Amino acid sequence: MSAVTEIIGEFPELLSAAPADVILVVFGLLALVVVFLIKFMGYFRIVMTIAQFTYPNAFVTVRGNPLLLEEYIDRVASSRDIAEAVSEAQHAGLDIGAGEAPSAGEIERELKILYYSECDTIEAVVPESVKPLFRAYCMTEEGEEIKHAIRMKHASQTTGRTDGTLIPVGSLSADLVRKIGDARSVDDIVSLLGAMPYGEALSGALQQYHDLQIPLPLELALNRFTFGELEAALLLIDAEHLPPAQEFVGAYVDTTNLRILLRAKRDLLDAETVAEHLLPGGPRLSTPALKTMAESKTLQELLGDLEAMHLHTSINEAISSSTRTGSLISLEAALNLYLLETVQNISTIYRYGPGPLIRFLVARKIEIQNLGIIFRGIEGDIPGGIIQGLTVREQVRG
């Protein structure tokens, strides 16, 4: 050890005694070594990222999203009855697991169970470097179940029916879901959730719920809370995953704000109440633009403001349809299509990272909505052509 120390100590003297060209060569070699190590570490990080996402991305690739493809949608929608439609959906690759002679509502419940199970699985297997994003996304689905529970209780559904409709997901355990089903009022549901992350947001909106006598204030409070979780997740994930995460959250914010505006105007909420519950402006809908639209006096005026912004071809086409018919169904489908196209792009650009996982979860939710439309339509004897027109389809790229 002392010999090594002596050599190191003599190194400056050796350099001073060496010719200038030798010193340049030595430092040149050292510089090359440093550059090589930096390059190697960059490639090593890329390889490690690919390796970490190999299993999660394989998981979603194997499952796929068949009920966004025209071939499978039309086949299921053309079924003569629900049993045949279930068989066609299973043939396409969705394990619905429905019993004999199921109703459309029972099938939708089975589909949600499947989807929530996939949400939980993906959250469990993604790398720690991006896990907060998927935990926050899972919380948006928990929020949807809470909204559903509040709507059901507000509508004074019986205890048994409410309990049978809710589904455990994430931190909403089976025991908590049972207690929510047994709750006597919306106030009791809010009280049960008091110790949950959502508790404070719901408690703060409870008085407004009583003042307006509609569930919307509680639903909007949940929207703001879950958005806050998504926003916080952006600060917790690794920097290399930030671009796809930001792009997804931005599209999520824009579409959520549009849904809030549309429903609020339909329910005749005043501008101040609407503006209070809008999410911060996203990449396509700035805060000033949202404020202007919140001040629209009627739904028709809001639709006119949206049409003037030219957000997306399909959205503008749906606005024209909604203006004529007064129905928001086509506009909801157009918003889903816009979100789907966004995550498709994310999946292509960030295909070795979280892109395919983000796309799968968004696409799977739209698939389930497609099937819900189809099964409800078949149950209501609606012609197949009308049903098909209400579904969202993946755009084939040339």
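You will find that of LEU311, LEU337, the residue that is at pLDDT 85 or above and either over 26 Å from ASN65 (Cα atoms) or within 23 Å of the chain's Cα centre (by Cα) (or both) is LEU337 and no other.
Could you grab me the full set of residues in the range 192-235 that are among the hydrophobic types (A, V, I, L, M, F, W, C) and closer than 20 Å to GLY181 by Cα? Listed by number, the residues that qualify are LEU192, LEU193, ALA195, MET196, LEU202, LEU206, ILE214, LEU216, LEU218, LEU222.
Residue check: is GLN369 of a type in the set (S, T, N, Q), within 30 Å of GLU301 (Cα to Cα) and in contact (Cβ under 8 Å) with a residue 12 or more places away in the chain?
Here the answer is yes, as GLN369 does meet what is asked.
Candidates in the range 119-136 are the residues that are open to solvent by 10 Å² or more (accessible area, probe 1.4 Å) and of a type in the set (Val, Ile, Thr); of these, the one that is farthest from GLN52 (Cα to Cα) is THR121.
Output the number of residues of the range 353-390 satisfying the condition of being assigned to a loop (DSSP other than H, G, I, E, B) and modelled with pLDDT of 90 or more. Going through the range 353-390 one residue at a time, the tally reaches 2.
Restricting LYS291, LYS297 to those that are more than 18 Å from GLU332 (Cα to Cα), under 25 Å from the mean Cα position of the chain (by Cα) and without any contact (Cβ under 8 Å) to a residue 24 or more places away in the chain reduces the list to LYS291. So is ILE237 closer than 20 Å to VAL362 by Cα and either part of a loop (DSSP other than H, G, I, E, B) or open to solvent by less than 10 Å² (accessible area, probe 1.4 Å) (or both) or not? Yes; evaluated as a whole, the condition is true for this residue. Of everything in the range 248-264 that is of a type in the set (Gly, Ala, Ser) and modelled with pLDDT of 90 or more, the residue that is farthest from HIS312 (Cα to Cα) is GLY250. Quick check on the range 374-395. Is at least one of its residues within 17 Å of THR256 (Cβ to Cβ) and surrounded by 15 or more Cβ atoms within 10 Å (Cβ to Cβ)? The answer is yes, given that some residue of the range 374-395 is within 17 Å of THR256 (Cβ to Cβ) and surrounded by 15 or more Cβ atoms within 10 Å (Cβ to Cβ). Go through (1) open to solvent by less than 60 Å² (accessible area, probe 1.4 Å); (2) part of a loop (DSSP other than H, G, I, E, B) and name the single condition LEU230 misses. So LEU230 meets the others, but not (2). The set of residues in the range 171-195 being over 30 Å from ASP270 (Cα atoms), outside any helix (DSSP H, G or I) and open to solvent by less than 40 Å² (accessible area, probe 1.4 Å) consists of LEU172, ALA183. Restrict the check to the range 239-255 and report whether at least one residue is out of contact with any strand residue (DSSP E or B) (no Cβ under 7 Å at 6 or more places or on another chain), of a type outside the set (D, E, K, R) and closer than 23 Å to TYR209 by Cβ. No - not one qualifying residue is present in the range 239-255. Exactly one of (1) within 22 Å of THR325 (Cα to Cα); (2) surrounded by 21 or more Cβ atoms within 10 Å (Cβ to Cβ); (3) among the hydroxyl-bearing types (Ser, Thr, Tyr) is unmet by THR298. Its number? (2) is the only condition that THR298 fails. Just one of the numbered conditions (1) closer than 24 Å to GLU142 by Cβ; (2) open to solvent by 10 Å² or more (accessible area, probe 1.4 Å) is not true of PHE248: (2).
The values are calculated or read from the model by the stated rules, or taken from the named source; none is laboratory data. Because the structure is predicted, anything quoted here is derived from the model rather than measured. For neighbour counting, all protein chains shown are included, and Cβ atoms are generated from backbone atoms with ideal geometry for every residue, glycine included. SASA here: full protein model, heavy atoms, side chains in, ligands and nucleic acids out. Shrake-Rupley method; radii C 1.70, N 1.55, O 1.52, S 1.80 Å.
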